[in-house]
Amino acid sequence: MFVEELKRVFRRPRNLIILGLIALVPILLGLVVRFASHGGPRGGGGPAFFAEITQNAVFLPLAALASMETLILPLAASIIAGDSVAGDAANGSLRYLLVRRVSRARTIHAKIVAALVYTLALSLMIAVVGLFAGSILFPHHQVVTLSGVSISFLHGVGEALLAALVVGASIFSVTMVGIAVSTFTSSSLAATSIAVTVAIASEVLDAIPQLERIRPILLSNYWSAFINIFRTPVLAGPIYKDLLEQLGWMAVFYLLAVFNFSQRDITA
Amino acid sequence: MARWKYRFGIPLVGAAVALGAASLTPALTNAQTPLLQPMSASQLIAAVMGAAPVQYTGQLQITSNLLGSDASLLSNVGQGLALPEGTSQVMVYRGAGANLRLQEINAQSERDLYVTSSGAWLWNSAGSSAEHVEFGSSTQQSSSLQQMNPTEMADALVGRLAPTSNVTVGANTYVAGHAAYTLSLAPRQSGSTISSLRVFVDAKNYHVLAVTVNSVYSSSPVLQVGYQTITFASPSLSNFSFTPPAGTAVKTVTEAQLQSMFEPTNPGTKPVTLGTSWQTVVELPKTALSQLSASVGAKGLAELETPVTLTNGETAESIHTELVNLLVLPTGSVLAGAVRSSVLESDAGALGL
Amino acid sequence: MAAVLEADGLTKRFGGQIAVDSVTFSVDEGSVFGFLGPNGAGKTTTIRIALGLIFPDAGGFALLGERRHSRLHRVLPRVGSFIEGPGYVPYLSARQNLDRFLAAEGVRRSGRPRLIADALEAVGLEMVVDKPVGRYSLGMRQRLGIAQALLGERDLYILDEPTNGLDPSGMREVRRLIGELAVKGKTIFISTHLLAEAEQICSHVAFMSQGRLVKAGALDQLRSDYSPQLKIVGTPVASIRELVGPTARVDGPAVAVDLDMNDGPPLLRALVARGVEVTEFTWLTPSLEEIFIAEVGEGFDVR
């Protein structure tokens, strides 16, 4: 069941195109920084690690992750999540799945796992493509962390992949919101739009100083936590907070998804 | 119809539990009061002074709320000041002997101070620059303070403070999960903007865990320096060693240069003080205003100023913050202190204005 | 015979509107049960309740003896169903779509190709198995939906409007498939608004109108409830009318009359004795449509 759901997600041409386009971003970013800028970017600004791209291959995927985490990744995850139940409801295959041996609970769980796997695939894709492009365009010697400590290139690659996992997991809340909304409607577009809106609203609220008190409960509050992997020693606190935040949001919307789906009338 | 309970009721309960956990967890730990061996203020001060050095790893949080409600309007102002408005995080690693590492955590960068017995490194990840200080062989740690008996010192200190301040041991609390005594200093005199100073002391090893400064203008502390987490164990030695990465611009500073950096440039001009103890006010020369104006920006400064009529009928500009008040006199000099504006105005009167 | 489907006071509202109103019926094993009524009569809602897709507000439903929704998935593998048109993932091929359904059923990977091939062959889609379903014609999609219902061996087939969108030969094909299943002793529950089609294949029928079950029973039993009609064609018509009496209904050269079967032979003898030239003397059984109109009334009141 879970394998079939993965096939459904990864065989869809549209989903593959999204993955492909996202894989292009680190390549373009690398090419632009390598050939179009003079003397490298200076003076801050831009996403995290942007200034360090030219120094080491490892920083290209990180800069790509940092620049895509705020909009492109949540959007891509929302598209798949919004489609997870609503898409099948709209094309009618949902009712034919549910009149078989599988319980509704198993169906929704398979869909949740498949959407989460796709979310992780998105961020890992950025990291892997970014590492390859970075290795071709930029030097790959020892990596200097934010604390000024040198680590081996392989160690740096490992930390970049770990950062990709953390970034992917940071989007899980958005994915889960998308799935939960998807259980209410036959319109994938509506579910996707609502999930993206929740993500953007969270980022907007996070930027308002007067709302500092509610920041800890916003799903995007710790999105930049993956940067702390590149300190020496790794500062795990913010990463744990990020994961805990995601777990909290996931738990609530997981309950909504599972209970709404298993108790509602399927009229589509 | 009962199904609606499951579809929305259970997720709603889940949301309530999650929100409750998010908001209550910090409140619950703060609300608890540990039962500790009662101590007098001088006993506590003596214990702090006599405490053996400890090794630890801690996350220090510095929160300043000096501008109060003006902060959001003047978010650009804080950046120019020496004490940043808002919150900053510093990881502190304290090892054996001189070993110390301070790691200032910024969103996308960090600054580090690595100290060992042989020298110190200051690293700034933005721009990849490092400064290096090599320590001489002379051990300069022999301070005369440590020769004295902590109990006598504490008694002397409390005796000196007694006429002007209430020194008390407040309700016990938890700081960063550790049971702590609260040492509270409050002015006996009126007119100070400081309502109290609180020092939170670990009940096991008498290490200071947090300090807060409370203002008469605000119910929450205006200045808060404290550990969010602290673990009393010796940190790994790798935390203290630093080798500048290849390609780093290293600037070497000698010990003598370092000392001269901390000496006042012209020790002759001592600032004039008015009042005593909690009511102490400093009269700053005319140059102070231009320095302030340069760091805050003339426009930002103008936004903070309020005109005040002095006893002699002339107009001065008052600048109010949650902790410090300033009075810019018509002569151009500035009165500053952690006192209410009325104290500044009467001091101005004493100066003949 | 055991009841395969049992509805017991089934009631369902959507918003304020009542879709199914205290419907009670049962379907015996081995029967071909026609669930008849106009669009919007509550047929599809009843079927969705039967399959556990919709929760009833009141009343109960037993599918193959299982009343509890949480245990429905134990009996569902014995049911093949076609509900309100085909459902498929458009970018997957017919083979991949059917494979997905079999996987949901827990059928082993090795056993799937054979079942898929059989089902697709039965509906004549074996040539296009690897084409994305999104590129199929309407009729082909309908056939794929029926293939989906035919996957594997089932005891009960629930078919909701299976011939919608099919051309006449496709409809004939579906009737043939249903006939084959009936011969094998399978129970078939078929909902349709095409009464002529139902008349050809059903052993039992139920009439639905505006959410209520108006009448249900074996088709032969329903017919026998109606007194047979005698149709007499002959000349002179006036003599026929005179003999038959005031209940006669004249339509051109033909005269129709409700009559007890036992009174037929004496009437014929009397007609001949009177010198009437009888060219036709036929007993008419009422058509399903006539019975339906008699029970439900004319016109499809779709709410």
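The values are calculated or read from the model by the stated rules, or taken from the named source; none is laboratory data. Just so you know, these numbers come straight off a predicted model, no measurement behind them. Heads up, the Cβs are rebuilt from the backbone with ideal geometry, glycines too, and the neighbour counts pull from every protein chain shown.
Select from region B:301-318 the residues that are touching a Leu at 6+ places or on another chain (Cβ under 6 Å) and at pLDDT 85 or above and write down the one among them that is nearest to B:SER218 (Cα to Cα). Reasoning before the result, please.
Initially, region B:301-318 is screened for residues touching a Leu at 6+ places or on another chain (Cβ under 6 Å), giving B:310, B:312, B:316, B:318.
Okay, now just the ones that are also at pLDDT 85 or above, so B:316, B:318.
Working: B:ALA316: 25, B:SER318: 19 Å.
In this case the residue turns out to be B:SER318.
Taken over region C:65-81, residues that are of a type in the set (S, T, N, Q) and modelled with pLDDT of 90 or more amount to 1.
When restricted to residues that are out of contact with any Gly (no Cβ under 7 Å at 6 or more places or on another chain) and either among the acidic types (Asp, Glu) or closer than 29 Å to B:GLY337 by Cβ (or both), region B:170-197 contains 15. Please indicate, with yes or no, whether at least one residue in region C:216-230 is under 35 Å from the mean Cα position of the chain (by Cα), polar (S, T, N, Q) and either in a strand (DSSP E or B) or under 14 Å from C:PHE33 (Cα atoms) (or both). Looking for residues that are under 35 Å from the mean Cα position of the chain (by Cα), polar (S, T, N, Q) and either in a strand (DSSP E or B) or under 14 Å from C:PHE33 (Cα atoms) (or both), one finds at least one in region C:216-230, hence yes.
The rows are residues; the columns are (1) over 19 Å from the mean Cα position of the chain (by Cα); (2) among the small types (Gly, Ala, Ser); (3) surrounded by 14 or more Cβ atoms within 10 Å (Cβ to Cβ).
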site: B:ALA171; (1), (2), (3): yes, yes, no
site: B:ARG188; (1), (2), (3): yes, no, no
site: B:ARG198; (1), (2), (3): no, no, yes
site: B:THR212; (1), (2), (3): no, no, yes
site: B:SER215; (1), (2), (3): no, yes, yes
site: B:LEU223; (1), (2), (3): no, no, yes
site: B:PHE242; (1), (2), (3): yes, no, yes
site: B:VAL250; (1), (2), (3): yes, no, no
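Residues that are aliphatic (A, V, I, L, M) number at least 2 in the following strands (runs of 3 or more DSSP E) confined to region C:236-303: C:254-258, C:277-284.
Within region A:153-180, residues that are crowded, with 20+ Cβ neighbours inside 10 Å reach partners that are modelled with pLDDT of 95 or more and among the basic types (Lys, Arg) with beta carbons closer than 8 Å, at six or more positions or on different chains, in the pairs A:ILE179/A:LYS111. Here A:SER37 passes the criteria (1) of a type in the set (S, T, N, Q); (2) at pLDDT 90 or above; (3) surrounded by fewer than 24 Cβ atoms within 10 Å (Cβ to Cβ) except the one numbered (2). The set of residues in region A:111-124 being touching a residue at least 60 places away in the same chain (Cβ under 8 Å) and either among the polar types (S, T, N, Q) or surrounded by 22 or more Cβ atoms within 10 Å (Cβ to Cβ) (or both) consists of A:LYS111, A:ILE112, A:ALA114, A:ALA115, A:TYR118, A:LEU122. Only one of the numbered conditions (1) within 13 Å of chain B (Cβ to nearest Cβ); (2) of a type outside the set (S, T, N, Q); (3) within 29 Å of B:VAL92 (Cα to Cα) is not met by A:PHE261, and that is (3). Look at C:SER203 and say whether it is under 16 Å from the mean Cα position of the chain (by Cα) and at pLDDT below 85. The answer is no for C:SER203. Annotation note: of B:ASN172, B:ASN214, B:ASN166, the sole residue that is within 30 Å of B:GLU345 (Cα to Cα), touching a Pro at 6+ places or on another chain (Cβ under 6 Å) and not hydroxyl-bearing (Ser, Thr, Tyr) is B:ASN214.
Filter region C:11-26 for residues that are in a strand (DSSP E or B) and farther than 9 Å from C:THR45 by Cβ and give the result.
Within region C:11-26, the subset in a strand (DSSP E or B) is C:11-14, C:17-26.
Matches in region C:11-26: C:THR11, C:ARG13, C:GLN17, C:ILE18, C:ASP21, C:SER22, C:VAL23, C:THR24, C:PHE25, C:SER26.
Every listed requirement among (1) more than 20 Å from A:LEU97 (Cα to Cα); (2) assigned to a helix (DSSP H, G or I); (3) within 14 Å of chain A (Cβ to nearest Cβ) is met by C:ASP130 save one, (2).
For beta carbons closer than 7 Å, sequence separation of 6+ or different chains, a first residue in region B:32-59 that is assigned by TED's automatic domain parsing to the domain that holds B:LEU100 and in a helix (DSSP H, G or I) and a second that is at pLDDT below 90 and of a type in the set (S, T, N, Q), the qualifying pairs are B:ALA46/B:THR151. Scanning region C:138-162 for residues that are part of a loop (DSSP other than H, G, I, E, B) and modelled with pLDDT under 90 returns C:GLY152, C:GLU153.
Could you count how many residues in region C:180-195 are surrounded by fewer than 14 Cβ atoms within 10 Å (Cβ to Cβ) and without any contact (Cβ under 8 Å) to a residue 60 or more places away in the chain?
3
Take the residues of region A:204-228 that are in contact with a helix residue (DSSP H, G or I) (Cβ under 8 Å, 6 or more places away or on another chain) and more than 13 Å from every other protein chain (Cβ to nearest Cβ): which is farthest from A:HIS155 (Cα to Cα)?
Let us first name the residues in region A:204-228 that are in contact with a helix residue (DSSP H, G or I) (Cβ under 8 Å, 6 or more places away or on another chain), namely A:205-206, A:209, A:211, A:214-228.
Remaining after also requiring more than 13 Å from every other protein chain (Cβ to nearest Cβ): A:205, A:220.
Working: A:LEU205: 36, A:SER220: 28 Å.
Here the answer is A:LEU205.
So that you can scan it fast, the table gives a plain yes or no per residue for (1) within 12 Å of chain A (Cβ to nearest Cβ); (2) surrounded by 21 or more Cβ atoms within 10 Å (Cβ to Cβ); (3) in contact (Cβ under 8 Å) with a residue 40 or more places away in the chain; (4) hydrophobic (A, V, I, L, M, F, W, C):
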| position | (1), (2), (3), (4) |
| --- | --- |
| C:SER22 | no, no, yes, no |
| C:PRO56 | yes, yes, yes, no |
| C:GLY60 | no, no, yes, no |
| C:ARG78 | yes, no, yes, no |
| C:SER81 | yes, yes, yes, no |
| C:VAL89 | yes, yes, yes, yes |
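Considering region A:233-243, and only residues there that are over 16 Å from the mean Cα position of the chain (by Cα) and more than 8 Å from chain B (Cβ to nearest Cβ), the residue that is farthest from B:THR25 (Cα to Cα) turns out to be A:VAL234.
When A:LEU116, A:LEU97, A:LEU16, A:LEU75 are checked against the criterion of being away from chain C (no Cβ under 14 Å), assigned to a helix (DSSP H, G or I) and farther than 14 Å from A:SER182 by Cβ, a single residue qualifies: A:LEU75.
The set of residues in region C:109-129 being more than 25 Å from the chain's Cα centre (by Cα) and modelled with pLDDT of 90 or more consists of C:ARG109, C:SER110, C:GLY111, C:ARG112, C:PRO113, C:ARG114, C:LEU115, C:ILE116, C:ALA117.
A Cβ distance below 7 Å, combined with a sequence gap of six or more or placement on separate chains, defines the contacts here; from region A:224-249, residues that are β-branched (Val, Ile, Thr) reach residues that are surrounded by fewer than 21 Cβ atoms within 10 Å (Cβ to Cβ) and not in a helix (DSSP H, G or I) in the pairs A:ILE227/B:GLN108; A:THR232/A:THR145.
A Cβ distance below 7 Å, combined with a sequence gap of six or more or placement on separate chains, defines the contacts here; from region C:210-228, residues that are touching a residue at least 40 places away in the same chain (Cβ under 8 Å) reach residues that are assigned to a helix (DSSP H, G or I) and surrounded by fewer than 18 Cβ atoms within 10 Å (Cβ to Cβ) in the pairs C:VAL214/C:GLU295; C:LYS215/C:GLU295; C:PRO228/C:MET261. With respect to C:GLU199, determine if the residue is of a type in the set (Asp, Glu), within 18 Å of C:PHE33 (Cβ to Cβ), in a helix (DSSP H, G or I) and touching a helix residue (DSSP H, G or I) at 6+ places or on another chain (Cβ under 8 Å). Yes.
For region C:35-54, the condition of being surrounded by fewer than 17 Cβ atoms within 10 Å (Cβ to Cβ) and either in a strand (DSSP E or B) or touching a Pro at 6+ places or on another chain (Cβ under 7 Å) (or both) holds for none of the residues. Screening region B:94-108 for residues that are surrounded by fewer than 17 Cβ atoms within 10 Å (Cβ to Cβ) and over 17 Å from B:TYR56 (Cα atoms) and picking the one that is nearest to the other protein chains (Cβ to nearest Cβ) gives B:ALA107.
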